[in-house]
Amino acid sequence: MMDTPFVLGTRGSTLALRQTELLMELCRVAHPEIAFRVRTIRTAADRHPGRALDQLPGVGFFVKELETALLAKEIDAAVHSMKDLPSQETPELSIAAVAQREDPVTCWLAGTGSPWLRSPWCADRNKQSAPCGRAPRT
């Protein structure tokens, strides 16, 4: 076992932590001689949970702090959803691996006025960054 653990940086959201756990399981199977550890990093999106994403400053508000930690060598790798990466890549960094994806076709539809739309299972449309995510559903 290596003395220094390999540190995976991630956000503290339930999704990010679960993605990181799944990746760590794969890494441990492939490299049992390496100790892996998670470091949770708060991002701009985490610090402003009530704001609509189009109201947050700049770009990369889900990943900027992860990138900064990578560049400062505070973490060895970052685990994050591809959907939230900015379209402009940071030149000093690269996407080193992409885990196998689960079935992406699962979806759920509900009619306008459905009581299910008030369910905690439904995302707050005002927090979605894409304008179409905030558009009324007809």
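For LYS73, what charge total do you get from the other residues with a beta carbon under 13 Å from its beta carbon, if Lys and Arg give +1 and Asp and Glu give -1? Taking every Cβ under 13 Å from that of LYS73, the sum is -3.
Other residues lying with their Cβ under 14 Å from the Cβ of GLN88 contribute a combined charge of -3, Lys and Arg counting +1, Asp and Glu -1. Cβ crowding within 10 Å, taken as a proxy for footprinting-reagent exposure, orders THR20, THR112 from fewest neighbours to most as THR112, THR20. Each Lys and Arg contributes +1 and each Asp and Glu -1, all at the Cβ; summed about the Cα centre of the stretch 1-72, the dipole is approximately 240 debye.
What order, most packed first, do the peptides 86-92, 32-38 have when packing is the mean number of other Cβ atoms within 10 Å of each residue?
On the way: 86-92: 9.7, 32-38: 13.1.
Per-residue mean Cβ counts within 10 Å order the peptides as 32-38, 86-92.
Amide H contacts for ARG39 (H built 1.01 Å from N in the peptide plane; partners 5 or more residues away or on another chain; cut-off under 5 Å): LEU8, GLY9, THR10.
For ASP46, ASP3, which order do you get if you count the other beta carbons within 10 Å of each Cβ and list the fewest first?
Listing ASP46, ASP3 from fewest to most nearby Cβ atoms yields ASP3, ASP46.
If you wrap the stretch 1-48 in the convex hull of its Cα atoms and look at it from every side, the mean projected area works out to 3.4 nm². Within the stretch 6-84, the proportion of C-alpha pairs whose separation exceeds 19 Å stands at 38%.
Just so you know, all these numbers are worked out from the coordinates, no wet-lab data involved. Being a predicted model, the structure only gives us computed values, none of them experimental. FYI the Cβ positions are ideal-geometry reconstructions off the backbone, even for glycines, and counts take in every protein chain you see.
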